[in-house]
Structure formats: structure tokens, C-alpha cells
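Okay, structure first, notes after.
The values are calculated or read from the model by the stated rules, or taken from the named source; none is laboratory data. Because the structure is predicted, anything quoted here is derived from the model rather than measured. Every residue, glycine as well, gets a Cβ built from its backbone with ideal geometry; the counts of neighbours run over all protein chains shown.
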Amino acid sequence: MTRLPVLLAASLFAVLPAVAQDSATDDKSMLENFLQDKLSAAGRSVEVTGFSGALSSRATMQRLTIADDEGVWLTIENAELDWTRSALLRGRLEIDALVAERIEVARRPVAVSDGPQPTTSDFALPELPVSIDIGEISAAHLVLGEPVIGVPAELTLEGGGTLENGAGEAALKLERIDGQRGSFTLSAGYANETGILALDLDLDEGEDGIVATLTSLPGAPPLAFTLKGTGPISDYTADLALATDGADRLAGRVTLDRPSAEAPMSFTARLEGDLTPLLAAEYQAFFGDDARLAVIGLRDPEGTLELSSLVIAADALQLSGNAVIAPGGWPERVNLTGRVVSPDGGPVRLPIGGDPTWVDRIGLTLAFDELDGDDWQADVTLDGLSRPDLQLASATLQGRGTLTPAEPGQLPAFGGHVEMTAAGLTGPADSAPAALGPNLSGRFDLARTSGETLAFTNLDLGGSDYRITGDVTLDTVVEKLDLVAEGAVTLSVNDLTRFAALSGQKLSGAARLDVAGNAALPGGPFDVDISGSGRNLAVGIAEVDRLFAGASTLAISAERTAEGTKIDRLDIRAPGATATGTGWLAEDASQVALRLDLPDAALLADGLDGPLSAQATALQRGRDWDLAVDATGPGGARVKLSGLAETRKRGLVKVSGDATGSIDRLAAWSGLAKHDLAGSARFSASGEFTPEDGRFKLSGEADGQDLDFDLGTADRLTAGASTATFDIRRNRAGVFIVDDFHLTTPELSLNATGRAADEMPRVTFDGRLRDLAPFVPGLPGPLTASGEANLSETGWRVKVSGQGPGGTVVDVSGSVAGDVQSADLALKGRLPLALVNDAIKPRALSGMA
């Protein structure tokens, strides 16, 4: 916020000499374009409108916006600049007032970094080519969006400052005007020549203020904070104080002392107070009513940092130690001791978010001193960890190693061996702790010999029947700020049953997985090869488990770059199935190809006999996917699908496509249908489905030849060639509707419509039987009928009326079993008694009734 006026003012100074020779009518668009060009940079786009008065003492601007790659984040409206033009001749930019009617900061800008700085430097103000003196900066209405400070706020802004010859002063005052009490004032100054730093910061907020809300102080009480200090930076003292509800909570002092430029800079910092009113009730016992932080140290001119004393103390926490850190960041001495333990010896609740976490005790020691040799050691112990989702009786981490001082032109060498144990790890039956426990152990060697590379070798972690082993190297690529991991790791599980409850599947079997390659973490490029093997893998689904009985293997090769992810190989092989594939995954331009082969479809479904195979491809075009499937199966079955899957930001919105297929020998599917089948069939269909509301439409036709469904006399109706057409849909209310169904065979013509709500279909139909004689010997001639059928929980309720040869008139009503093997019907009319002969075999009737 404070950089913006300086940025604008410096830009004005740069542009005015360039346009001084032009007329006032020409400088408007020229200035706007010039300002936009000079203020814009990589990751920052500035737009200026309504700029005028560059050659007068009062310049105005209607609007200025600054945008980054995510859009506009800063807007300034109706700004006015009152300045002294003649000061430019003396190399100064003197601004009496820079006033804006409205400034809106919608969010924080996206950071654009030039990368980390390789060295450190002492504090100093920049030496600018132009002196800047801004008497007043103000905004009647400053709007801060919630992303800026975590809560929305509206304020007034007043301030001013100077920056000249390495000396600067600044004043800033903010007052809330959105109905909440709150003020922030800052007065600061520093001069490179004298080294005097003056700082006076005062924050005062009412109830539900910004700071109390953002820090989640219980009850969001009124809050006051001050930080004050004036003096040379070589002998400086600053005091701070924090109060809530009018009572002091925290007080402290920071001092700096440097007698001369050649002497070390010594420093002290001490903070203490009663933090309990600032904490949620459940965390107050951890800190108690007397928490303290004390630091004493010095920094010499070469950059060595010495902490002669560090103390952090609270009721349940004690941490103390000392250290010497060389200019390169490597320690020359570290001694650190800490513990977490309740004064009364009972469990301690840790002050961390989420589920309540309790411990009986935590201990920490870390020791190294190059004056005593190259050895370092670290020990961490934990007893009695308890959370709702896990319990841990005890855990230890022990590290031993060496830190060798650097030879000229080289870096220090660091290495060691670490061992870990965990005992009594438990949790709910379906939790990770229950799956991993109860006892774990691990060990690894680590080494850091050059640059930013840290190697973990001889890694061995695991429990009673599973292990993770391997070697991993971590390397920080400074230019890209990436953590690059490279290595090879093996996971082996002798019994997957231990992970069954966690996965929600009835897992069993044994598995091994090998992963090798490299990856930039987190979420960066990678190049990995994965191979695995399994024995008798099962997930509790009989049809799937049969496919993976015996030995199985897995192989995946994948690489991700800035352009996308390439899957060079996907290969899964088991006794009952083989799956292979390749793919390219990129934004709006992905493509995937898969193939599945089953040598015996009977493993997938009882009653099938013969091989089954399928090939599928998916090609992405923008947000949509072109899909294609080609499958073959028992009995000469073949199915082809082609379709389009349409996606939007909210997900999959529509699937549409066409399908064709044929079965040369329906007999091969008799076992699956649990009926003897015969004949052949072909079909074609098209449809669409919208998953958001469940609607679908499906229409098509099917042809059969000599179809037989093991229905006795009824199978005579489908002898020879048969054709069926259908038009089916489902509406938003979930009702299935058959708009049209038409079946034609040499013996039968049938039309039907229907609807089904709550899985209870209702069908209306009419039909014509070419000749009744095959069903009623001695009574040749056609039969026509119409009626309806309604499915209930006990079967079909039917009502049919028909006319046939020989004056047959029949009305039938009653029930028919769902499998059409039994019926309870009432018949009225005149009909040949031979119609019931199939039901009373070997007896037979004749005549009319």
C-alpha cells in the first residue's frame, strides 16, 4: 500500500520532461499511454484513464487500475495531485497532496519473484535518483476486500512521507468507517547517515476487531497494541505491549547494541505475560499464566550468528539452548533441550487445531559442537499420545552422525543414522492407525555432502507383515524453488487383510510394488516406472476375485512435463484377465487407449463360456470427449459403441452415442440367462443421458432369427425372422416411459406402450396372432387381443380382451407370476378348451366353453 504513491510519483517525474514540449491538448492520451507503459511490468498491467493537468500544479486522474494474471486487484478513483513543478529543476519531487476519493484493494496481488537473493545485507533505505517529499496522502474511502486481511473492511486513509538522500520519514493513519471501532497509526523515520530509527506504532480496536477476529481470540475482545522506540540502530531499544479488555496481557523489549562498525551487533529480546485470556479455554492449561520468551545473542561483521541463550517457557513447555550459526547457514554449535509435560504429571492437551490431542510427555535433545568433534546426536521421545482417531503408547526417534567442517572451497559434510520405533498404535477399526499398528519400526541413513542434496539410503520402515524399503534423494533446485525427489522404493505387504477395513473392501492376498524415478514436489514434473506383483488378490467381489486368483503383475511407465502427462505403458496381467493401455493427459487435449482380454468369460460371470475382449479409446476435444468401444464375446457376440461425453466446469453434463451389435449363437449365453436360448440377433440403438437430473432417451431396433427362450409353446411366436423397434425415455421425475414398442414375427404382430414409476411398470398393448391353430389344434385362424398389465410385488396383474376364430370371444383377468411359469386367471367368454392343454399335460380337453 505504501509503495503505490511512491510508484506513481516517480513515474510522473519520469514522464513530465518527455512531454514538456507538447501542448496540453496532446499530453492527455500520451501521458496515459506513457504511464501505463512505465508502470506495467511482468505480472502487472496498469490502465490509466482521465489523466490531465500534467503541466499545471494540479494534476487529476479519473481512474487507475492495476491487474495481474488473475485480474484487477487495485482500483483508484478520482485522484488529485497537488505538486510543486519548479522543484523538478532541483531534482526533487515535492507533492503537497495526493488525494483519492476511493481506493479499493480487492485482494492481494499475485507475487512475481525474481528468485531468492544469494546474500544478506545490513538494513538501509534505497538511494533514489530523485528526492521525494509527499506532504499528504489521503483517501476518503479505502475498501479492503476479505482476501486482503481476512475480513472485509472500509476505512479512511491519511498519511505522508519523505525520502531523500538515504533518509526517510513516514506517517500513516487508518480509521474504520464501516460501523466498527478501529484505528491504526504509524510514525516512522530512519536516516542512513545518523543511523537513528524512530518507530511509533499504535493499534486500537473495539470488540470484534480485525486482529481479534483473524487471530480467533476468544470473544473477540477490544484490543490495543503498541510498539515504540527511538534511538541509533547501534544502541536501540523498542518496547511493545498488548492489552485486551483494558488489561495488560503481554509486554516485551527488544534491544540492539553495536559500539562500532567493526564490533558485533548484540541483541536481546524478552516477552512475557499471561496469555490465558487470549487462548481458547482448552489451551490455557498448556501455557499457564506466565509464558516467557528470552533471546540473547550477537552477530559479528562476517555474518556469524551466535545465540548465547534461548528460553521458551510455559506451564507445560520448557525449551532452552544455545547455538552458533556460520555465515553459510551451517551450525558450529547447537545445544537444545526441550520437554512437554504437565506440572501435575497428568496428560497435556497440545495447542493445535483439529481433534483434541493429548500427550503424557514429549522430550527433545539436540547436541553438536565442532570444538568437541564432528559428532552430533538427536533424541525425541513421546509417551501417551491420544486422539479420537488414534492412540500411541510410545514412540522414539534417535539420530547419530557427523558434521564435518568445510574444507576451503567446499561445503561441510553431514551424515548420520536414524532409528524410529512406535508401540501401541491403535485406532478405530477402519482407520489407518489400526491398519498400520500396533508396532512399527524404521531406520535409514542420511547424508548431505554437496549443494542442496540430501540422500536417504537403506530406508526400512514397516510393521509385522509389511515393509517400505529403498533409497531416496531430495534436491532443492533453487532456480525453480522445487524439491526434487529421486530414487527407488519398494512396498511389500504379505497380507492385505490388515487394510480391508480401511479400504472398505474385503481385501486379501499379498502384493509388492516397486517405484523408481524422479519427481518435483509438490505437484511438479515426474518420470516414474512402477512395477508390481500380487498373489491371490481379492476385493470381496467373486466375479473380480476369480480373475486375479494366482499370480498377477502390474507395470506402469508415466512422465509428466509442462505440456502434459504421458502414460507410455499400462500393463496388468492375471490368470483371468489382461489389461493394457497408453495415454496422453493434457488440458483440453487428452487421449487414452485401453484393451481388456479375458481368456474365459466364465470367470467374470457364471454361465458364460469363451473368450471376451474389449478395446476403448477416448479423445478429448476442448471440454468434450469422443468415446469408442469395440467388444467381442462368447457366441460370436460383437458390440460397437461410439459416443460423445460433454463436460463443463460443474462436471459431466451429457453423454450421447450410438451402438450396434450382434450375437451369432444365443445358446452361448444360456447359462447367464438361466434358460436355454437359441437363435441369433442383431441390434442398433442411439441415445443420450444427462446425469445431473437422470434423464435419458434410447431408441433403436433389433432383428432375430429363430429365437427360442425355453418358454414352451410361446417360443413358436419367435420362430423364423423377427423384428422389434423401441423408443424409451426417463423424465426428470424418474418415470420410465415406453413411447413405442413394436414386435413383428411370422406369427405375431405386437404394439405396446408403458410407463414405470417406483419400479412398478404399467403396460398397454394390442396384438394379432396370425394363426391360432399351432396353439389350439383344430381351430385355425387369426386372434386379435388388447389389454394392459401392471407389475405388483407379487407379479403381474393382467386384463386382456380378444377375438379369435370360430366365434371365440375372451376376457381374461388375474395374475401371472413374474417368471411366467404360473398364473391365476379368470376367463369369460367363448373359447376352445384346448387352450389349456399345455397347462394340464398329459391330459387334454376339446370343445368350446
Note to self: I want to confirm something. Restricting to region 673-700 and keeping residues that are of a type in the set (Ser, Thr, Tyr) and surrounded by fewer than 17 Cβ atoms within 10 Å (Cβ to Cβ), which single residue is nearest to Gly633 (Cα to Cα)?
What the structure shows: Ser684
Next item on the list: Confirm whether Thr745 is surrounded by 14 or more Cβ atoms within 10 Å (Cβ to Cβ), closer than 17 Å to Ala681 by Cα, in the same structural domain as Glu688 (by TED's automatic domain parsing) and of a type in the set (Ser, Thr, Tyr).
Entry: yes
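Among the strands (runs of 3 or more DSSP E) lying completely within region 742-849, list those that include at least 3 residues that are closer than 22 Å to Thr718 by Cα and modelled with pLDDT of 75 or more. Working first, answer last.
On the way: elements: 748-757, 760-769, 783-792, 795-804, 808-816, 823-830.
Output list reads 748-757, 760-769, 783-792, 795-804.
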Check: If you check Ile177, Ile196, which single one turns out to be in contact with a Phe, Trp or Tyr (Cβ under 8 Å, 6 or more places away or on another chain), modelled with pLDDT of 90 or more, over 15 Å from Glu136 (Cα atoms) and surrounded by fewer than 18 Cβ atoms within 10 Å (Cβ to Cβ)?
Finding: Ile196
Checklist line | The one condition in (1) under 33 Å from the mean Cα position of the chain (by Cα); (2) under 30 Å from Ala511 (Cα atoms); (3) in contact (Cβ under 8 Å) with a residue 12 or more places away in the chain that Asp545 fails to fulfil | finding: (3)
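For (1) closer than 25 Å to Thr421 by Cβ; (2) among the charged types (D, E, K, R); (3) touching a helix residue (DSSP H, G or I) at 6+ places or on another chain (Cβ under 7 Å), each residue gets a yes or a no:
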residue: Gly462; (1), (2), (3): yes, no, no
residue: Thr497; (1), (2), (3): yes, no, no
residue: Pro522; (1), (2), (3): no, no, no
residue: Pro525; (1), (2), (3): no, no, no
residue: Ser533; (1), (2), (3): no, no, no
residue: Val539; (1), (2), (3): no, no, yes
residue: Ala555; (1), (2), (3): no, no, no
residue: Ala577; (1), (2), (3): no, no, yes
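Within region 784-795, identify whether any single residue is under 24 Å from Ala844 (Cα atoms) and either touching a Ser or Thr at 6+ places or on another chain (Cβ under 9 Å) or in the same structural domain as Ser822 (by TED's automatic domain parsing) (or both), and answer yes or no. Show your work before the answer.
Within region 784-795, the subset under 24 Å from Ala844 (Cα atoms) is none.
Looking for residues that are under 24 Å from Ala844 (Cα atoms) and either touching a Ser or Thr at 6+ places or on another chain (Cβ under 9 Å) or in the same structural domain as Ser822 (by TED's automatic domain parsing) (or both), one finds none in region 784-795, hence no.
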